[in-house]
Every structure is written in structure tokens, then in C-alpha cells.
Amino acid sequence: MQTPELPVLPKRILIVGAGPAGLVTLRNFIELGTFERVELVERRDDVGGVWYLDSSLDKNDPCPRFPSPAYPGLVGNVLPEFLSYHGFPFPPPAEYDRENRQYQPFPTLTETHNYLKAFAKPFIEDGRLRLGKEVVKVEERPLPNDSRDVKDKWRVVLRDWANPVDPGKEVEELWDAVAVCVGWYDNPIWPETQGLDEVREKGLAKHAKGWRGPEGWEGKRTLVIGNANSSNDIAAQLAAYTSTSSPIYRSIRRPNFPGFVSLPDERIEDVPPVKRYTLYSADPTESTPSATYKVKVELEGGRIIDDIDVVWVGTGYKPYVPWLHVLPPPFQDPELDTARQAGKTVPIMSLLRFNLPETLADSSNSASDNNSQAKPNSVSNWHSRIPLLYRHLLFALSPSLAFVLSTMSYTPFTIADLGSLWIGLAWSDDEEWAAHTNTDIEAKDSKGQANGVVVDGHGESVRSGMTGDHSSKKGGKGRVTYPATIEERLKYERNKLELIESGRKEVAASVSSSSSSTSTVTTDNGSTAASDSTSESNPNSSSSETQPPVATGLDSSKTASADTHNHFGTTETTFTPTPTLLSAWLRGINGSTPSALNSYSVLGAYEEEYAKTLREDVVRARPYLGAQQRLWSSTSTDSGSETELESESKSKEQTRTDDVEGNPGETSDEKGLYKTLGGGLPEWGPERTKKREGMYPVKLASLYWMRERGRGGNREVSMG
């Protein structure tokens, strides 16, 4: 039995990363008003994270560049409502272009970056957001036994690229707590396919992170791996420069998930997964007088594709934080014992093999836990995660370390907003709450569980009675709470890993029982398509035509008829996972079980419930955040009168960025584009989920519109 701990109460907090997660974390921590000092460091020279393209080519610049996986002209997949931080709504697309944006309502890369810059402006000006500061190491320090005392708990080593005299000089700082808001896009995943390493060495295999548009790749014989957003964009952009006689090949394992919207295209041929790559020297030609290399691809099922010039791999990213080191946890392990005896810290990513349910424990012995180059798609679900987190937010062993957006989600801006509020309230000092802690710590029963602790179906551990009437007091008294022992905090991760693994096994068993023979899948319009694990032809082809959906506000005359290729893609009748489509997706095209959206580090189907429970905690502690969300066009509530909560919400947020009258550095015609409003958090529930899923047919219609007026491929029409 572990001794219950008091909650940590940091006063000085450092946030790492000025992307969408870090920026809203900074704002929320400051506005909660219970911390003495909150700052954010960002290694690049501007904010925005993946939304900051950074196309600088200055070779004389001594500062390193940290490229984004975005590309020029990119158009997002999320509508403004789901990109809006509470109190700072995203402008409607019509505010940028009243004439055309009714047909393309999704914010562009530039518009999203400008929104984030406007949001960050006051924090840059007052010095609480420091650019050009690269985190080299964050290391936990041993402190006195009082678990609440976290003064100078974390040693942070920074490389100061903004130093004009000595760029890159290392400096050291001490902080009570650290919120990590980075970790994904530095770590692209590569498949472990035979021969791929040799192709990479010759520069003929490239990850989607390096995609900057089709320019320079026109006419190349290309294979694209995957059919999620990046792969679909690459294939569509290249297809504009090819023909049906020489298509772009797209290697896929299963029909695309409905959220990964793409247009059918005769110039893109979907093929089975790659079995092996073979690099060979091609004969010289008039255009290439010197010897060049080509790639031969063998697909599952035996088909061979020769003369491939380049392979673009769109297999995603993994969460990985190599610079973060923690004190050895109290687990029985020889390596941890050695580190503990030597007084050393250990990389947090070396702890992946701990806290696994019994169903996963054996698989942990076969993986390299300390190898930063480990390929997580070759091991079980447990490997692709930041380990030992409570509710994906707090490091269970040392709660003064937190992570914001450690998971992939459908709506990352709003999930980061909500998660950072939860963390800030967990760290906030509230004397009234402290008076209740002695009565809230409960003894465990004979089963080893604390009385009043309920574990739901998603691994959630909730201690009842710890956010009572004291947390609903007007004015924001109260805080959110978390289990008082390490053992209880670790239950969340272990239970969810077990839940995910059970689901994966159920799918695998279903696939195994149905993969012995070719099955026929009936599509939603009555046509059929063969699903055969040895098929060499396009498994998604259909002989019927479909019409593109027309989203609200879209003129049907502005959209084109869809062609017949890849009917399993997102269409008018399949933009939500109907039983037929879901069955095909679960079965997989080649007997491959789906895993991308059935992972510990992807919220997926759990997002609604996850966000709902976090919001309940936050609103109990700060009732004004339960007011109605106000979007850009909001001037009053639906009822026409302002509630007490809404009035308090406005007073909390009205003065933060009154001086932001437009996008910094932009022309005056954008004055007033960014508004600071009152209002609370959005409400997560079936209605919001349905509204989010409604984005998919809208996106499909906008893709048709863009393809008619440009070259398509999810790029701004002005790009060509």
C-alpha cells in the first residue's frame, strides 16, 4: 500500500513548444492566475508548429532550421469552429475571400498560421514567449520528501539561437514544473519492408514530411505508400501531371477511413501492400547519359512494378521525446536499480516496457526500448506512446511533468485547449480545496482499489468526492484532482492499453475467420467489389458512377461528376462508416487488420467521452468556463440575454488581447479580424460529434471545387 501524496503546487512553469498546443497552454495557465511565472520556449523563429512552413533558404544563417511537414498552398481538413480556442474564435473563411470561400470553407496553411500568430502576439511582446530557444535536455531533480514541494524540480538546458553574439550558446534554467507540447512531427515512421533501407540510402524513398508540392516531380514514375491525408494529397497532386496509361501507384492495406477524404481519380491506381523493394541500375539514356537507379517493387500477391523513380512514404509519425530524463521509477528492474544507485536519471522513453497489462507484457521483451530509431509499427500497440501518463496528461510518477496533446485527435486545437486547462487546474493552489484533502484520502479495500474510485470502460480512474461543493463556488474556486498514489494513477494507462489490445484481437480474430476465401462486399449504391487477399488488381474499383455531395452553401453547378475509380473512398453515401463500409474496412483489402485508428495514442472513437469527462472536471472547478461557446460571429447568446456565467466569462477574458487589431505585419484591411470574446468551452456530445463528422462531405465537395479551378490535390487554387 502506497502512502497517499498531496497534489503538487508548482509556482513557476515552463512550456515547451509554440505550436497550437503550447500557445493555448500558455494563455490558459496565465489566465488561471495561480502561478507566479509562466513562460514558453520555442526553438524556431516564429510560432505555429506544423502550421509554420519556414521556407528560409539563407545558407548564412547560423541557426538550424526545423522544417514542418506542411507544404505551400496546403488547405486544412478542419472547419473554423473546431480550430477555435475558447474566447478567441477563428475567423470565418468569408472574412478572407467573400467571393469564393463559400465553395472552399476550410482554412489554409497561411490563414491558420496567421490566427496562431495573432493569438501569440501579446505573449511575444511581454516576453513570456521566447523564440529561438531549443530545448536540449529536461532532467528531473531529486527534492525533499514533501511531495508537494516541487521548487526547482526540473533542470532545463536550452540552446539560445536568438543570441546575436553567440548563437547556440547553452544556458541552464530551473523550473518547478514543465508542460511538454511537442513530440510527434520530429519522428516520422518508416515501414520495415525488405529493401526499403537501400532505397532510402540512394534518396529514392522519401517521407511525406519532406513533401513540398509536385514541382520537380512531374512525370516521375511514383509509388505512394498509404491512404491517409498526406498520401492522398501527394497522389492527387502528382496525378495532375500523369495519365491513366502511366498512373500514380498508391499502396494501401484497406479502404480509406472516412475521415481521410480524397477524390476518386483514374490516374491513381490503388495496389496491395509492398512485399519487397529491389534497387537496380538503369541503363543510360539520352536524357540521363550516366547510370541512374530505379526501384522494382514486388507487391503482396506477386505483382511486380518496375522502373519506379521515387517512393513517397506516408506512414505517419510517432510520439517521442529523446531529451526528457526522469528519476528512476520504483519498479523492480536491474537497469533502473543501477541508475538509482548511481544517482542518475533515465530517458522517459526507456520506460515504455513498464505498466503493461499481462496481455502485452511478453511483447515488451522483444523491442528495443532505448533505441530512438526503433520502428514502432513492428511491435505491439504499446510502443507508440509517451509512457506512464495519467489521462494522457500527467506523468504518473511525477505529476509536475505534463503533456498537452500527447495523442492524435480529430480536433487538436480544442483538445489542447481543454487538456491544458485541466492540467493548469490540477496544478493550481486553492486553499479551500486543501482543507478537504485529509478527508478525501480513502483506504483501499481488499481488492486493492480505493473506495470511491471508479474505473470506466476506457481505463478512466475517477476519485469521487474530491470535487465537491467547494469547487463550484462562483469566482473559480476549486481545482481538478487526480489519484493520490502512483499505483492509482498508473491504472488509467494500463486499463486503456488492455482495452485497445482486446479490440485489436477481436478484429484480428474476425479477419482470420473470413480471410480463407474471397468475399464480395456490396457497396452502398448496390454495386459489388471483390475483397481478395491475393488480388493484383485494384480492389476498390467499381463500375458505377457517383455524384459529389453538395455541402451547405455550395452551388451544385460548381461541382463535377465523380468518376468510377476507388468507390470505397469518401463519397456522398460513405462519408460516415456505414455497416457495409465499416465491414470492408475492418476486413482489410489484403487480410491486414486495421491499426492506425485503434491505438493508445489516437483518441479516435474515445474522443467524445474523453473530452466530455475532462470538461466536466474543468467546469466544476471554474464554472464560468461552462458558459456557451462564442464563435466569431457571436454578438449575444441565443436567448438574447446574457447569463451570469457568460458575464463572468467575458470579464475573465476581455482584456487579454484588446490591442490585437489585426494580423501582425499584415495590411490594414485585416484590421479587426481577430476577436477576443467571452464564452466558455464547447460541449462534447453526440451532437458535436455528428457536426464534426459532417465536415467530411463538405471537404469532399470543396476538393471537387478546387480540382475544377486548379490542379487539385488539396492545394489553394492559386497554386496552379
Which condition does residue 2 not pass, out of (1) outside the structural domain of residue 103 (by the TED database); (2) open to solvent by less than 50 Å² (accessible area, probe 1.4 Å); (3) not aliphatic (A, V, I, L, M), if it passes all the others? (2)
In the range 96-118, how many residues are in a helix (DSSP H, G or I) and of a type in the set (S, T, N, Q)? 3
Within the range 407-424, can you find the residues that are of a type outside the set (Asp, Glu), under 18 Å from residue 626 (Cβ atoms) and within 14 Å of the chain's Cα centre (by Cα)? 414, 415, 419
Given 68, 84, which one is more than 21 Å from residue 125 (Cα to Cα), modelled with pLDDT under 95 and of a type in the set (S, T, N, Q)? 68
Just a yes or no: is a residue in the range 123-146 at pLDDT below 95, under 29 Å from residue 385 (Cα atoms), in a loop (DSSP other than H, G, I, E, B) and of a type outside the set (Phe, Trp, Tyr)? yes
Go through the range 146-187 and give me each residue that's over 25 Å from the mean Cα position of the chain (by Cα) and among the small types (Gly, Ala, Ser). 147, 162, 168
Looking at 676, 689, which one is at pLDDT 90 or above and under 29 Å from residue 87 (Cα atoms)? 689
Qualifying residue in the range 92-115 (condition: assigned by the TED database to the domain that holds residue 24, open to solvent by 50 Å² or more (accessible area, probe 1.4 Å), within 27 Å of the chain's Cα centre (by Cα) and over 30 Å from residue 694 (Cβ atoms)): no
Can you pull out every residue in the range 80-95 that is farther than 20 Å from residue 53 by Cα and part of a loop (DSSP other than H, G, I, E, B)? 84, 86, 87, 89, 91, 92
Looking only at the range 694-706, which residues are open to solvent by 20 Å² or more (accessible area, probe 1.4 Å) and touching a Gly at 6+ places or on another chain (Cβ under 8 Å)? 696
Give the range 252-279 a look and list any residue that's in a loop (DSSP other than H, G, I, E, B), in contact with a Ser or Thr (Cβ under 9 Å, 6 or more places away or on another chain), open to solvent by less than 20 Å² (accessible area, probe 1.4 Å) and under 23 Å from residue 218 (Cα atoms), or say none. 252, 262, 264
Quick check on the range 46-61. Is at least one of its residues touching a residue at least 12 places away in the same chain (Cβ under 8 Å) and in contact with a strand residue (DSSP E or B) (Cβ under 6 Å, 6 or more places away or on another chain)? no
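The values are calculated or read from the model by the stated rules, or taken from the named source; none is laboratory data. On a predicted model such as this, the values are computed, not experimentally measured, just so you know. Cβ sites come from the backbone with ideal geometry, for glycine too, and all protein chains shown count toward neighbours. Quick note on the areas: whole protein, heavy atoms, side chains included, nothing else; ligands and nucleic acids left out. Shrake-Rupley method; radii C 1.70, N 1.55, O 1.52, S 1.80 Å.
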